[in-house]
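Q: One structure is given below, represented as structure tokens, and several questions about it will come after.
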Amino acid sequence: MRIPCPLCGERDSKEFSILGDATVKRPDPDGPDAAGEFFDYVYLRDNPAGTHCELWFHEAGCRQWLVVTRNTLTHEVAGAELSAGRKAKKR
Ligand SMILES: [Zn+2]
């Protein structure tokens with residue numbers, strides 16, 4: 001699989017580490033149901049079949065976090081952008 005890093009160009013996925021879902025947002029620890037929201041945040045992740053936004057770290061390159069849009073069924077990568085400065089998209 002090839003990932004188009006915005007800074008380094010298209011690179012092999014072996015240069016990257018994946019963190020997971022880029023759409024989840026850390027809950028407010030002072031919120032009224034913080035324990036329940038943190039349980040969902042940590043343990044109840046979706047496993048979508050199809051297009052998905054994921055966080056990847058370009059470990060052997062520019063060492064930037066990227067949001068990669070990838071089809072989890074075909075591994076086709078539709079695009080990648082720097083995570084820094086990007087606003088989280090709603091699920
Ligand atoms: Zn890079």
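Q: What does the charge dipole of the chain about its Cα centre add up to, to the nearest 20 debye, if the Cβ of each Lys and Arg holds +1 and the Cβ of each Asp and Glu holds -1?
A: Magnitude of the dipole: close to 280 debye.
Q: While we're on this one: Ignoring any ligand, DNA or RNA, what whole percent of the accessible area of the chain comes from carbon and sulfur when the probe is 1.4 angstrom?
A: On the chain, the fraction of accessible area on carbon and sulfur atoms equals 50 percent.
Q: Also: Between residue 8 and residue 30, what is the spin-label point distance in nm, taking each point 7 Å from the Cα along the Cα→C-beta axis?
A: 3.9
Q: Which Cys in the chain stand alone, with every other cysteine's Cβ at 4.7 Å or more from theirs?
A: If one checks each Cβ against the other cysteines of the chain, 53, 62 turn up with nothing under 4.7 Å.
Q: Using the heavy atoms of the protein chains alone and a 1.4 angstrom probe, what is the accessible area of the stretch 11-91 per residue in square angstrom?
A: Here the per-residue accessible area is 69 Å².
Q: More than 16 Å apart: what percent of Cα pairs in the chain qualify?
A: Looking at the chain, the distances longer than 16 Å represent 56 percent of pairs.
The values are calculated or read from the model by the stated rules, or taken from the named source; none is laboratory data. Worth saying up front: this structure is predicted, and the values here are computed from it rather than measured. Every residue, glycine among them, receives a Cβ derived from its backbone with ideal geometry; neighbour counts consider all protein chains shown. Note: accessible area is taken over every heavy atom of the protein model, side chains too, but ligands, DNA and RNA are not part of it. Shrake-Rupley method; radii C 1.70, N 1.55, O 1.52, S 1.80 Å.
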